[in-house]
Amino acid sequence: MSPSNFAVTISKVRDGVAETLADDVAVEEPLEIRLGYSTPDGRATRSISITMRTPGHDRELAAGFLYTEGIVHQRQEIASIEPCGPAAPDSGNHNVIRIDLANGVEVDLGRLQRHFYTTSSCGVCGKTSLEALRVAGAQSQHGNTTRFRRPALVGVPGALRSAQLSFDTTGGLHAAAAFSPEGDLITIMEDVGRHNAVDKVLGSLLLNNELPATGLGLMVSGRASFELMQKTLLAGMPLLAAISAPSSLAVQLAREFHMSLIGFLRGDTFNIYAGAERIVE
């Protein structure tokens, strides 16, 4: 059993007959993210988030979360990311991770006052405003000349699905991947929460000094919500592609910030909701 799978015994009912079988379900556990930072009086530590996630790649998840929340802006601002104690199930601390910022990095405590409790289904709530992104200085992708080949684009969902190892056994994990204009998957992550899967991808890119990723697209299993569109924008990516439908606010965000938004990307078909000029033969 992997850290993302949990073995259970179930009764499978078929045609009115119950059969006892072994099965795997996706693991969902809380992760507390603690932030260490400098103050005029010395170092301080603060708990800033509790999110329900699938264990694994917690460093990337924490880094991606801080990046998309605007707490950090580049890799050099992070001094260390470490679990708080032994990573053993009975240690009491295996679901706590601490990010220490480099000395001198300023922290916007007002931003941290927001309600940071997240769930695996909805992500951080309350930021459904395009005005908030304008105020935060999000950069338009108007000048981004990256183009994505249609034949390569339609191959991304199949490649992502083939890489979902935990999904094969549980059927209960979302996936996200950064991909090149040629359709090559750069980094792939799975999680019980779609927002967490995206944060893990972006955190991986951040820790490898690859953000902003102006030459990459983001693929997600599921729908394209406002927050996933927002995370794509803040990562500097010009394109978000989704297996399912986009929301109205995701479409508005994509059009206002000159991004490309692809929905219902299945087989050889897809819908372009914004930024059709980036899709070429």
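The values are calculated or read from the model by the stated rules, or taken from the named source; none is laboratory data. What you see is a predicted model; the values in this text were computed from it and never measured. Every residue, glycine among them, receives a Cβ derived from its backbone with ideal geometry; neighbour counts consider all protein chains shown.
Summed over the range 1-52, residues that are within 17 Å of Asp191 (Cα to Cα) and charged (D, E, K, R) total 4. Testing Pro181 on (1) out of contact with any Pro (no Cβ under 9 Å at 6 or more places or on another chain); (2) modelled with pLDDT under 95; (3) surrounded by 17 or more Cβ atoms within 10 Å (Cβ to Cβ), one condition comes back false. Which one is that? Pro181 satisfies all of (1) out of contact with any Pro (no Cβ under 9 Å at 6 or more places or on another chain); (2) modelled with pLDDT under 95; (3) surrounded by 17 or more Cβ atoms within 10 Å (Cβ to Cβ) except (2). Where helices (runs of 4 or more DSSP H) fall wholly inside the range 67-165, the ranges with 2 or more residues that are among the small types (Gly, Ala, Ser) and at pLDDT 65 or above are 156-163. When the range 46-66 is filtered for residues that are touching a residue at least 60 places away in the same chain (Cβ under 8 Å) and part of a strand (DSSP E or B), the ones remaining, listed by number, are Arg46, Ile48, Ser49, Ile50, Thr51, Met52, Arg53.
Would you call Pro3 at negative phi, out of contact with any helix residue (DSSP H, G or I) (no Cβ under 6 Å at 6 or more places or on another chain) and at pLDDT below 90?
Details: at negative phi: yes; out of contact with any helix residue (DSSP H, G or I) (no Cβ under 6 Å at 6 or more places or on another chain): yes; at pLDDT below 90: yes.
Yes.
The range 179-281 holds strands (runs of 3 or more DSSP E) entirely within its bounds, and those carrying 3 or more residues that are over 30 Å from Ser4 (Cα atoms) map to 269-274.
If I filter the range 34-45 for residues that are in contact with a helix residue (DSSP H, G or I) (Cβ under 7 Å, 6 or more places away or on another chain), touching a residue at least 60 places away in the same chain (Cβ under 8 Å) and surrounded by 20 or more Cβ atoms within 10 Å (Cβ to Cβ), do I get at least one hit?
So the first thing to find is which residues in the range 34-45 are in contact with a helix residue (DSSP H, G or I) (Cβ under 7 Å, 6 or more places away or on another chain), and the list is none.
No: the range 34-45 contains no residue that is in contact with a helix residue (DSSP H, G or I) (Cβ under 7 Å, 6 or more places away or on another chain), touching a residue at least 60 places away in the same chain (Cβ under 8 Å) and surrounded by 20 or more Cβ atoms within 10 Å (Cβ to Cβ).
Which count do you get for residues in the range 4-24 that are touching a residue at least 24 places away in the same chain (Cβ under 8 Å) and either outside any strand (DSSP E or B) or in the same structural domain as Ala102 (by TED's automatic domain parsing) (or both)? Final tally of qualifying residues: 1.
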